[in-house]
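Trainee: Take a look at this one; I'll ask things after.
The values are calculated or read from the model by the stated rules, or taken from the named source; none is laboratory data. Note that the structure is a prediction, hence the values are computed from the model and not measured. A quick note on method: Cβ atoms are made from the backbone with ideal geometry, for glycine too, and the neighbour counts reach across all protein chains shown. Only protein heavy atoms, including side chains, enter the accessible area calculation; ligands, DNA and RNA are left aside. Shrake-Rupley method; radii C 1.70, N 1.55, O 1.52, S 1.80 Å.
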Amino acid sequence: MAKATKTIRQALSYQPQHAVWFGANQALFNRVVAFYFEVIQAHEKVLDLPRKEALTALEILTHATEKHPNPVMPLQEIAEHIPAMFRRAAINAALGSARSFSSHLKKWRQRKERTRAKGKKWSERPPVPPRTWNKSAPFYVGQWKERTASSILLKVWTGTCWSWIKVRITGRELPTSASIGSPSLIKHGNQWWLHTPIEKSFSSPANTEQQVTTNTATKICAIDLNLGEQIAVCTIQTVEGTILATKFIGGGRRISGFRKQQLGWIARNRRKTDIIAQGEQDNADLWRKISSHDDALAHLVSARIVQFAVEHGATILVFEHLGNLKPEKGKYSRRGNSKRAFWMKGRIFKYTKYKAWGERIITSRVNPRNTSQECARCHSLIARYHAGQPATGYAPGASLVRCPDCQMQGHADRNASLVIGQRLIARYQKPFQEKPQAPLRAERVVKATGVSSSQVAKRKEKPSLSQARHGGGNEHGTAQDGSLWMEERPSSIPHPLRLFNE
Ligand SMILES: [Zn+2]
């Protein structure tokens, strides 16, 4: 059995006074989290323990019991009469933050050492522990009760005492088949929401290899993520190579314009304040604004990708590996923008994978090398150009492509998306599977490989694009005087580009 969790968000309706109490409850929760974060910093070894043991250790350090009447750092000095479940929720939240901080610090130290070992200067600032806490308060079992489809009783800190209050729930109901986790009170703008994680179980889907090798009708949804206007371009194709649907998910220009504006403000503020305190995150509000926009968009795009895959019955998603961020030159806002766009691609992948799993769809990744330079139909090198320009050369980022060999014409990102899907299929295809074609294909493999290897051998450096193009043309010519099968099953043909991939 496989498991997937998701969050059900429900709006609450309550008296105005309750909103004040929810605020007080959250403030107290964050005070307790901050306290435990400090306790952990003072007892770092706690982080080496598994979650349950760490929790116990922290309770012994802070909570007076008959067995341990004098804790080292008593929680009581921060707040009295904290319910056990409230305390535990805070400890878990603090442990999560402390683990994340500690791993960032560790990575920073490693990078520092590596850089110094190379004799280079190191100027990156170390990660800093959170200075403010703004976590939402979860309600563990015992802190909530009598939940129905339309109401729930929550035990909250009102600012003066602990009190059970009843709130009405509106919006989507919880599914009856799923198991329900601890709800949290979340503030969006001026409205309080109840977020409830639910976990559903289902039979595990077959793995990629099984699906691709045993059923030629398996549908694959391939996604090309971009930094331009089309954030994601998705195509559905079968293992056999039949292309069924395409979807463009736009909005790249808008988010990029928004980021540019915010980053511009940040740059201006930095110029105004001559001294930025060492290690201090300046412009925290502006950063948070950019972050939450990026995150919201990543959620939206990932939800649309999964919806598209579900609509067409795709059971596998495939992305290309994101690789490393290529540092860009130029103004601060431009560099910052491309960095954020790169991070957003990572988030879209993460969210999509997670949401797809809930639909029994598995997610895979392939080598990104040259996916946008290859023809999805014949695998020759394509010309990429802007509308209204001649269809020659390769203009990175341009929206149109044309294949000089098979005359394929189309949208550049859609072509890349198809190539990504084919790469996944090619990974599992055995070259000599089908008997009647086997000798012919074997011959081609030798021929094609021979042509391009000799080219590679002649040149010791990386072959240039034009040479690769020549190789592509050659191989294509060889294949063309055969039959039509290559049109139908483009991914099974070895081609010179591959040589450069490996
Ligand atoms: Zn072509």
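Trainee: Could you please find all residues in the stretch 404-415 being in a helix (DSSP H, G or I) and within 13 Å of the ligand (Cβ to nearest atom)?
Mentor: Of everything in the stretch 404-415, just one residue is in a helix (DSSP H, G or I) and within 13 Å of the ligand (Cβ to nearest atom), namely N415.
Trainee: Now a separate question. Scan the stretch 34-50 and report the pairs whose first residue is farther than 19 Å from A79 by Cβ and whose second residue is of a type in the set (S, T, N, Q), with Cβ atoms within less than 7 Å and a gap of 6+ or a chain change.
Mentor: Close Cβ pairs satisfying both conditions: L47/S102.
Trainee: I'd like to verify a number: residues in the stretch 394-403 that are touching a strand residue (DSSP E or B) at 6+ places or on another chain (Cβ under 6 Å) and either within 16 Å of L317 (Cα to Cα) or within 16 Å of the ligand (Cβ to nearest atom) (or both), how many?
Mentor: Of the residues in the stretch 394-403, 4 are touching a strand residue (DSSP E or B) at 6+ places or on another chain (Cβ under 6 Å) and either within 16 Å of L317 (Cα to Cα) or within 16 Å of the ligand (Cβ to nearest atom) (or both).
Trainee: Looking only at the stretch 143-158, which residues are open to solvent by 40 Å² or more (accessible area, probe 1.4 Å) and either touching a His at 6+ places or on another chain (Cβ under 9 Å) or in a loop (DSSP other than H, G, I, E, B) (or both)?
Mentor: Matches in the stretch 143-158: E146, R147, T148, A149, S150.
Trainee: Give the stretch 360-392 a look and list any residue that's open to solvent by 40 Å² or more (accessible area, probe 1.4 Å), touching a strand residue (DSSP E or B) at 6+ places or on another chain (Cβ under 8 Å) and away from the ligand (no atom under 16 Å from the Cβ), or say none.
Mentor: Of everything in the stretch 360-392, those that are open to solvent by 40 Å² or more (accessible area, probe 1.4 Å), touching a strand residue (DSSP E or B) at 6+ places or on another chain (Cβ under 8 Å) and away from the ligand (no atom under 16 Å from the Cβ) turn out to be R360, R365, N367, P368, H386, A387.
Trainee: Restrict the check to the stretch 175-197 and report whether at least one residue is open to solvent by 40 Å² or more (accessible area, probe 1.4 Å), outside any strand (DSSP E or B), within 30 Å of A426 (Cα to Cα) and not charged (D, E, K, R).
Mentor: Scanning the stretch 175-197, I find no residue that is open to solvent by 40 Å² or more (accessible area, probe 1.4 Å), outside any strand (DSSP E or B), within 30 Å of A426 (Cα to Cα) and not charged (D, E, K, R), so the answer is no.
Trainee: Would you pick out the residues in the stretch 159-170 that are open to solvent by 50 Å² or more (accessible area, probe 1.4 Å) and of a type outside the set (S, T, Y)?
Mentor: C161, W162, W164, K166, R168
Trainee: Let me confirm something: among R259, R270, which residue is in a helix (DSSP H, G or I) and open to solvent by 20 Å² or more (accessible area, probe 1.4 Å)?
Mentor: None of the other options fit; the residue is R270.
Trainee: Working carefully through the options P431, P368, P396, P436, find the one that is modelled with pLDDT under 90 and under 18 Å from I231 (Cα atoms).
Mentor: Result of the check over P431, P368, P396, P436: P396.
Trainee: Scan (1) open to solvent by 10 Å² or more (accessible area, probe 1.4 Å); (2) in a loop (DSSP other than H, G, I, E, B) for the single condition S338 breaks and write down its number.
Mentor: (2)
Trainee: Sticking with this one: Check off (1) open to solvent by 50 Å² or more (accessible area, probe 1.4 Å); (2) within 30 Å of S163 (Cβ to Cβ) for F37 and give me the number that stays unchecked.
Mentor: (1)
Trainee: Just checking, which of V128, V141 is within 30 Å of D285 (Cα to Cα) and modelled with pLDDT under 95?
Mentor: After applying the criteria, what remains is V128.
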